[in-house]
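Let me begin by presenting the structure, written as structure tokens, before commenting on it.
The values are calculated or read from the model by the stated rules, or taken from the named source; none is laboratory data. Predicted model only: the values in this text are computed from it and were never measured. Because the Cβ atoms are built from the backbone with ideal geometry, glycine has one as well, and the counts that use them run over all protein chains shown. Ligands, DNA and RNA are stripped out before the accessible areas are found, and what is left, the full protein with its side chains, is counted by its heavy atoms. Shrake-Rupley method; radii C 1.70, N 1.55, O 1.52, S 1.80 Å.
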Amino acid sequence: MVHRLLTSLFAFFLSFGVLSGAAASDLNTIFELELVPLSDIVENPTVYDSTMAYRKVSVVGNISAIDKHLITISQGSYELKVDHTNLQQFTGFNVGDGVKLTGQFLYDPIGTSIFYPNYVLHYPIVEMGEVDISAIISNASNYNGKYITVTGNLTGIRSTMGAYVVDISSLDTDQNLRVSYYGSTDLKVGDMVTVSGLLNGDVLYSEQMGKKRPPLSLSTLIPGFTGLWTMIIIGLLVIYMKHE
């Protein structure tokens with residue numbers, strides 16, 4: 001009986017760890033769409049033309065020019081002109097930097113064909129982890145185009161064009177960060193939330209957004225499961241494993 005109980009408990013701990021790890025490492029990103037080589041777009045522009053039929057793709061390259069008049073990215077001998085209307089998307093980027101752009105390509109057979117980015121990412125992808133909102137606002141160029149996680153108070157939320165536009169304020173200042181979130185949510189003004197996603201321009205494009213919760217523990221899963229019980233169970237597991 002004891003042997004079966006200990007075996008079950010060991011399996012429970014193991015499965016709990018595996019499931020927790022899977023949840024933490026699972027990444028389902030909205031910014032990584034069909035990746036098209038630059039050579040394909042340059043050599044077959046009509047295939048990817050979004051002038052008549054909407055099509056969003058991703059391209060990878062290195063910035064070969066960047067200023068208020070011109071942005072281009074290159075890959076080998078191929079070059080692509082990029083719309084520079086929203087220069088904030090490229091804050092902190094420099095010539096030579098690797099980038100991934102997600103957006104639409106518009107082909108002009110008698111003029112200049114241009115790629116219009118919705119998102120601009122550093123590539124390879126950079127994950128900054130947990131960042132204070134005040135640090136982002138004071139030094140936007142350090143975080144732009146990178147994945148971050150922030151925690152703050154939800155001060156405003158509204159639905160527009162199939163997405164939620166959310167304002168989150170810093171926990172230690174009154175500074176706000178704008179968040180765009182696709183999906184459904186029951187969050188409301190006043191909630192403390194944690195948001196993870198891509199910071200680009202002056203917007204955090206969220207992939208995960210939810211209430212800030214305390215760390216998960218066994219007492220959360222099993223009411224009444226205290227630290228003393230945890231030590232007893234771990235001790236029994238050690239004894240059991242030594243005798244196996």
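Ignoring ligands and nucleic acids, what accessible area does LYS211 show with a 1.4 Å probe (Å², nearest 10)?
Using a 1.4 Å probe on the heavy atoms, I get roughly 90 Å².
Need one value: the accessible area of LEU171 in square angstrom, 1.4 angstrom probe, rounded to the nearest 10.
Solvent-accessible area, nearest 10 Å²: 100 Å².
For LYS68, which aspartates and glutamates qualify as cross-link partners when the Cα separation must be under 16 Å and same-chain residues fewer than eight apart are set aside?
Those aspartates and glutamates meeting the cut-off are ASP83.
Keeping all protein chains in position, work out how much accessible area GLU34 exposes to a 1.4 Å probe, and write it in Å² to the nearest 10.
About 90 Å², ignoring ligands and nucleic acids.
Tell me the label-point distance for the pair LYS68, TYR54, using the 7 Å Cα-to-Cβ offset, in nm and rounded to one decimal.
3.2
What is the magnitude of the charge dipole of the stretch 50-155 about its Cα centre, with +1 placed on the Cβ of each Lys and Arg, -1 on the Cβ of each Asp and Glu, and no other charges, expressed in debye to the nearest 20?
Once rounded to the nearest 20, the dipole reads 240 debye.
Ordering ILE110, ILE71 by accessible area with a probe of 1.4 Å, largest first, what comes out?
These residues rank, largest area first, as ILE110, ILE71.
Distance check, please: which entries in LYS100/LYS212; LYS56/LYS212; LYS56/LYS146; LYS56/LYS211 exceed 26 angstrom between their Cα atoms?
Over 26 Å Cα-Cα: LYS100/LYS212; LYS56/LYS212; LYS56/LYS211.
Would you please name the chymotrypsin sites (Phe, Trp or Tyr not before Pro) within the stretch 47-142 that are DSSP coil residues with at most 14 other C-beta atoms within 10 Å of their C-beta?
Passing sites in the stretch 47-142 are TYR54.
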